[in-house]
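Reviewing the structure listed below.
The values are calculated or read from the model by the stated rules, or taken from the named source; none is laboratory data. Bear in mind the structure is a predicted one, so any value in this text is a computation, not a measurement. When the accessible area is computed, the model is the full protein with side chains, heavy atoms only, and any ligands, DNA or RNA have been set aside. Shrake-Rupley method; radii C 1.70, N 1.55, O 1.52, S 1.80 Å.
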Amino acid sequence: MILLPALSALLFAGAIALLLNLTPEQISDDILKMMSPKQSLRKQIKEAMGKKKKSLIAIEIRNIHNALVSTGKENMFTAVCVVSITLFVMGGVLAGLIGNLFLAPISAVAMALIPFVYAKSNLSYYDKHVKEELETALSIVTTSYMRNDNIVAAIRENLDYIKPPVRDIFKRFIAEATVINADIPLGLQHLRERIDNQIYYEWCDTLIACQNDRTQKNSLMPVAGKLTDVRLVNSELKTLLMEPRKEYWTMAAMVAGNIPLLYLINKDWFHTMLFSLPGKIVLALSAGVILVTAAFMFKYTKPIEYKR
């Protein structure tokens, strides 16, 4: 009974997509435009001054897109968008099938966020790997540069000890500095743009300043050491950050588990919760609270990031 209406809804959504000639790429582009619409000069000034903040969801979706593009998986973002829209429709349909229209927008949004959460979790492992390799690369390159005062030679002699994906970034810098353009500060500026990390930005900025003032190279090692400091702090806080997550999911499971528990205790209470108007409103409010608090839980229990 449930599968037939859900399948009908999906086929109806597919028919609309075919009728409007919507492609997966066009859908992903439209989502990005919705997340980052064109703004007036006044709004841009307010954002620059910190008076107006962008939506947290829009920032996260834009960050996921940029991360997938930088890792060469731009097509995955298109797939994530298509699956998200499909789950969005299914979430609304499932809420309608149980007769709770108050729950429809909440279940639709919750199911639509599942692919983005999955992509975010995969990217977190990649980001952790990049930080680990970046920590090693900056340390050995800085040590060599302190000795020979030549950043090109320092990177070249340590290239075999640097692992992908950081190795490919430094190889591009060597190729640019030796074959394309001998302007080292410009090459370092291009090198700076290839990894999104605040400590890495500071290291590159210091390295650019060293090209005009060699006395500033003594500040390179402390900057490179900040990656180690952040990693050690996150390692110490990992257990402390996981405890609130475990407690939150335990409480959320207890709230959701009350519904089948009511069926076992008293079937009349169960039917009142699922099929009466006050019960439907309570279910929708409970689901909304869980969704909103989950977003705040992930926000406040994520690993710390260094900010300049």
Next item on the list: May I ask you to rank Thr178, Thr293 by accessible area, largest first, using a 1.4 Å probe over the protein chains only?
Entry: Thr178, Thr293
Note to self: Can you return the aspartates and glutamates within cross-link range of Lys217? Criterion is Cα-Cα under 17 Å, with same-chain partners fewer than 8 residues away left out.
What the structure shows: Asp149, Glu202, Asp205
Next item on the list: Would you mind getting the Kirkwood hydrodynamic radius of the stretch 62-160 from its Cα pairs, rounded to one decimal in Å?
Entry: 16.7 Å
Notebook entry, point to check: In the stretch 203-244, what is the volume of the convex hull around the alpha carbon atoms, normalised per residue and reported in Å³?
Noted result: 54 Å³
Item checked: Largest-first ellipsoid semi-axes for the stretch 189-308, taking √(5λ) over the Cα gyration tensor eigenvalues, angstrom -> 54, 15, 7
Next item on the list: Keeping all protein chains in position, work out how much accessible area His129 exposes to a 1.4 Å probe, and write it in Å² to the nearest 10.
Entry: 70 Å²
Note to self: What's the whole-number percent of alpha carbon pairs in the stretch 98-155 lying beyond 15 angstrom?
What the structure shows: 69 percent
Note to self: Below 8 Å between Cα atoms, with a sequence gap of 6+, how large is the relative contact order for the stretch 148-223 in percent?
What the structure shows: 21 percent
Next item on the list: At a Cα cut-off below 15 Å, give the aspartates and glutamates reachable from Lys299, other chains included and same-chain residues fewer than 8 away excluded.
Entry: Glu60, Glu243
Notebook entry, point to check: Given a 1.4 Å probe and the protein chains all in place, what does the accessible area of Met251 round to, in Å² to the nearest 10?
Noted result: 110 Å²
Margin query: Whole percent per 10 Å bin, from 0 to the bin with the longest distance: what is P(r) over all C-alpha pairs of the stretch 107-214?
Written below: 13, 42, 24, 11, 7, 2, 0
Margin query: Using only the alpha carbons of the stretch 82-123, what is the convex hull's orientation-averaged projected area in square nanometres?
Written below: 2.6 nm²
